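The values are calculated or read from the model by the stated rules, or taken from the named source; none is laboratory data. Values in this document were obtained by computation on a predicted structure and should not be read as measured data. Cβ atoms come from the backbone with ideal geometry, glycine included; neighbour counts cover every protein chain shown. Surface areas here come from the heavy atoms of the whole protein model, side chains and all, with no ligands, DNA or RNA. Shrake-Rupley method; radii C 1.70, N 1.55, O 1.52, S 1.80 Å.
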Amino acid sequence: MVPINKHDKLAVGEVAQRSGFAPSALRYYEAQGLVTAVRTSGGQRRYERSVLRRLAFIRAASNVGLSLDEIRVELDQLPDGRTPNRADWQRISHHWRGRLDEQIKALERLRDGLESCIGCGCLSMATCGFTNPDDQAANDERAPGAAYLPSLLRRPHLAR
C-alpha cells in the first residue's frame, strides 16, 4: 500500500466526486474564501487533500444552520500552513453545541405544533399555532416569511 501524501494536489473533478459538491460549488466556496486552490501552469485548479475535511465541515455546518459568514468565522480559526488536526476541529466544533441546542428546541416546537395541527385535522383553526387569521403577520416585524415558525427555522436557506 502506497502511503498517502497529505499535500497531494487533487483536481476539481476528484474533489467534487469525493466531497459530493458540484464543481460550481467548489468555485463559489473558493471565491468566498472558504477553501483555497492553486493553479497549474494551464490554469486548472488543484486542491490539497485537506480541502476534503474543510468541505465536510462546510456541509455539516450548513446542515445545522450556520450561515456562510458563520462558517467563514469558524474556518478562519484553523491554522494556515498545516493540515488541521483533531484538536483544531474539536475547538471549532465546540461552538456548535449552543447552535445545535437552539435548533433542537426550534425543531421540537415545530414538531409539536405540527403534530397537534395534524392530529386535529385543522378543525380548530382558532387555536392553531401556525395559522395567520386575517393576515395578522402582515404587520409583524419579526422577519419576512413564515412569521410563526421559530426564528431559527425562518433563516434564509443556504444555496448548495
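Observations, loosely collected:
- Distance-filtered residues of segment 59-94 - backbone nitrogen under 20 Å, label point 7 angstrom along Arg46 Cα→Cβ: 81-84
- For segment 1-111, average projected area of the Cα convex hull in nm²: 8.9 nm²
- Placing R0 at 35 angstrom, the Cβ-Cβ distance between Ala56 and Arg109 gives a FRET efficiency of 0.75 after rounding to 0.05.
- In order along segment 54-63, the Karplus-derived 3J(HN,Hα) couplings, from 6.51 cos²θ - 1.76 cosθ + 1.60 at θ = phi - 60°, round to 4, 5, 5, 5, 4, 4, 5, 5, 5, 5 Hz, and Gly and Pro are given as x.
- With all protein chains kept in place, the per residue accessible area of segment 45-99 amounts to 54 square angstrom at a probe of 1.4 angstrom.
- Extension gain, Asp80 back to Ala11 (0.36 nm per residue minus Cα-Cα distance, nm): 22.7 nm
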